[in-house]
1. State, to one decimal in nm, how far the label point of residue 137 lies from the label point of residue 217, with both points 7 Å from Cα in the Cβ direction.
2. Given the Cα atoms of the chain, and with Rh set as the inverse mean 1/r over their pairs in the Kirkwood sense, what is Rg to Rh to two decimals?
3. Quick one: the Cα spread of segment 182-222 along its three principal axes, in angstroms, biggest first?
4. Distances over 28 Å make up what percent of all Cα-Cα pairs in segment 37-183?
5. With r as the distance between the Cβ atoms of residue 251 and residue 54 and R0 = 35 Å, compute the FRET efficiency 1/(1 + (r/R0)^6) and round to 0.05.
6. Run the helix sum for the chain: -39,500 (n - 2.57) per DSSP H stretch of 4+ residues, divided by residue count, reported at 222 nm to the nearest 500 deg cm²/dmol.
7. Once you wrap a convex hull around the alpha carbon atoms of segment 1-107, what is its projected area averaged over all directions, in nm²?
8. Full extension from residue 234 to residue 169: what is 0.36 nm times the residue separation minus their Cα-Cα distance, to one decimal in nm?
Ligand SMILES: C[S@@+](CC[C@H](N)C(=O)[O-])C[C@H]1O[C@@H](n2cnc3c(N)ncnc32)[C@H](O)[C@@H]1O
C-alpha cells in the first residue's frame with residue numbers, strides 16, 4: 001500500500017527556476033545555447049526567461065498566457081500559498097523540505113517569468129496554447145521540456161495529484177505525440193514517478209514506452225506528420241537530482257527522454 005503525498009482539486013499555476021529544470025533534466029543552459037527549445041507547459045516558470053538571457057532560442061507554451069501579467073501574478077501567488085499550505089498537511093512526507101524556502105523559490109521563478117513576460121509575448125517567446133493542439137510546425141525544436149503536467153496531474157488512482165483529472169492514459173499518449181510532432185531532437189518529460197510514499201514508476205509510463213516501441217517496430221508513428229512515417233523514437237531514463245520530498249518520494253527519480261533517430265531506412 002502506498003500513501004499519496006499530495007492531492008489537489010485544481011491545476012496550479014506554479015513554476016520553477018532554470019536551476020530546477022537543470023536538476024530535473026540533467027542539462028545545462030550552456031549546453032542548450034544556440035538551440036531552439038520548447039517548454040510546454042511553461043507556466044510561471046523562469047526557465048524561458050533565464051534560457052533566453054543565456055542565448056537559448058526558448059519558447060514557452062501555456063493556456064494561461066491568455067491573461068495579462070497582473071492577473072497571472074495574482075493567480076500564481078494564490079496557487080503557491082495554497083499548494084504549500086496543502087503540502088504542510090501531509091505530515092512527514094515533506095519533512096526534508098523547507099516549505100518556506102520552497103515557496104520563496106517558486107516566487108523567485110514567478111518574478112523572473114513576469115520580468116520577461118510582456119516583451120516575450122510580443123516577441124513570440126510565450127504562446128497561449130495547449131496540448132493536444134500545439135499551433136507549432138512539425139519538428140521545429142531541438143529539445144522539448146515538459147515538467148509537472150503529464151503524470152503529476154493524473155488522477156490519484158494512477159498516482160497523480162488531481163481529483164477528477166481529465167488527463168487519462170489516452171490523453172497522455174496524445175500529448176506525447178503532439179509534443180514529439182513539434183520536436184526534431186528529443187522530448188524530456190518529468191516526473192516519471194507517482195506522487196506516493198514511496199514513489200513508484202507512474203503506470204502510464206510503461207504503457208507509453210510500450211506503445212512507442214510497438215510503433216518503432218512498425219516503422220510508423222502516429223503524429224499525422226508525413227515526416228514521421230520513418231524513424232525510431234528511442235526511450236531512455238535520465239537520472240534526476242531534483243528533490244521531490246523525503247527520500248522515499250525520490251525513488252526512481254528520473255526524466256524520460258524520447259529521442260528521434262533520423263537514420264532509419
Ligand atoms: C505546475 S505548472 C508546471 C510549470 C513548469 N513546467 C514547472 O515544472 O514548474 C502546470 C501548467 O500546466 C498548464 N496546463 C494545463 N493544462 C494544459 C494543457 N492542456 N496543455 C498545456 N499546458 C497546460 C497550466 O496552466 C500550468 O501552468
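1. Taking the two extended label points, one gets 3.6 nm.
2. Rounded to two decimals, Rg over Rh is 0.95.
3. 38, 20, 11
4. Roughly 23 percent, rounded to a whole number.
5. Once rounded, the FRET efficiency stands at 0.65.
6. On the way: 7 runs with 93 residues, N = 265.
One gets -11000 deg cm²/dmol as the mean residue ellipticity at 222 nm.
7. Answer in nm², one decimal: 8.2.
8. Result for the pair: 21.4 nm of gain on full extension.
Throughout, read-outs are computed from the coordinates displayed, never taken from laboratory work. Worth saying up front: this structure is predicted, and the values here are computed from it rather than measured. So basically every Cβ, Gly included, is an ideal-geometry build from the backbone, and we count neighbours across all protein chains shown.
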